[in-house]
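**Student:** What follows is a single structure, and I will ask about it in a moment.
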Amino acid sequence: MAVALVFPSTTVIRDQNAALQVRDLGAARNAIQDRLVGARVDLGLLGGPIAKPPGSTADVLLWVVDPDSCGRCVAEGFGAWDALGTDLALRRRLVVVGEGELPKEARRAIRDTELVRVSRDSVLLALGALLPNTKLLIDDGGIVLMADSRSASSECGWSFDAQVGALRGVLTGETIRNQP
């Protein structure tokens with residue numbers, strides 16, 4: 001009789017813990033995004049200044065990823081990121097945090113993107129605490145215009161890269177949602 005009560009209780013507790021973890025990640029995402037939008041970023045701590053033609057201005061799309069914590073984050077979905085390469089007023093940089101390696105597929109798929117490796121301490125100094133997959137649109141003055149921070153388990157059905165592309169006129173709005 002006791003076994004019949006313990007097993008369902010264990011299942012309920014496991015399900016409740018999973019629900020709390022998802023809620024906590026959502027709260028962390030919101031707090032990180034709220035903290036970053038409008039903040040000034042020191043790109044010197046994240047691989048140095050962004051290369052651009054002399055006398056020109058260029059916004060930066062910065063992707064900060066920790067492959068040790070989120071290997072799946074850099075394993076798929078490069079179409080919108082690569083399409084942003086047609087926007088000549090946008091520089092793209094992938095910042096790899098920690099010691100983890102990017103999958104071969106990611107290194108082949110990411111085109112015309114500056115790739116730098118930095119320490120966790122540098123990211124913490126420049127941006128504060130982040131989830132392992134974070135993307136920022138930063139204006140020429142170093143101000144964060146848009147931000148998205150996710151964990152390996154964060155799914156929302158839309159693409160940050162496609163949203164940036166739609167706002168900049170490189171992609172259509174239909175590409176933002178990856179499901180109808």
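**Student:** Evaluate the distance, in nm, between pseudo-label points positioned 7 Å from the Cα of Asp42 and of Thr172 along their respective Cα→Cβ axes.
**Tutor:** 4.5
**Student:** Pop the C-beta distance of Asn30 and Arg108 into the FRET formula with R0 = 25 Å and round what comes out to the nearest 0.05.
**Tutor:** 0.15
**Student:** Whole-Hz ³J(HN,Hα) for each residue in region 31-37, computed from phi via Karplus 6.51 cos²θ - 1.76 cosθ + 1.60 with θ = phi - 60°, x for glycine and proline: what do you get?
**Tutor:** Karplus-based 3J(HN,Hα) across region 31-37 equals 5, 5, 4, 4, 5, 7, 4 Hz.
**Student:** Place a point 7 Å from Cα of Leu145 in the direction of its Cβ. Which residues in region 30-64 have their backbone N less than 13 Å from it?
**Tutor:** Within reach of a label on Leu145, which here means backbone N under 13 Å from a point 7 Å along Cα→Cβ, region 30-64 contributes 38, 57-62.
Each value in this text was obtained by applying a stated rule to the coordinates, not by laboratory testing. Model, not experiment: these values are computed from the prediction. Neighbour counts are summed over all protein chains in view; Cβ atoms, including those assigned to glycine, are modelled from backbone coordinates with ideal geometry.
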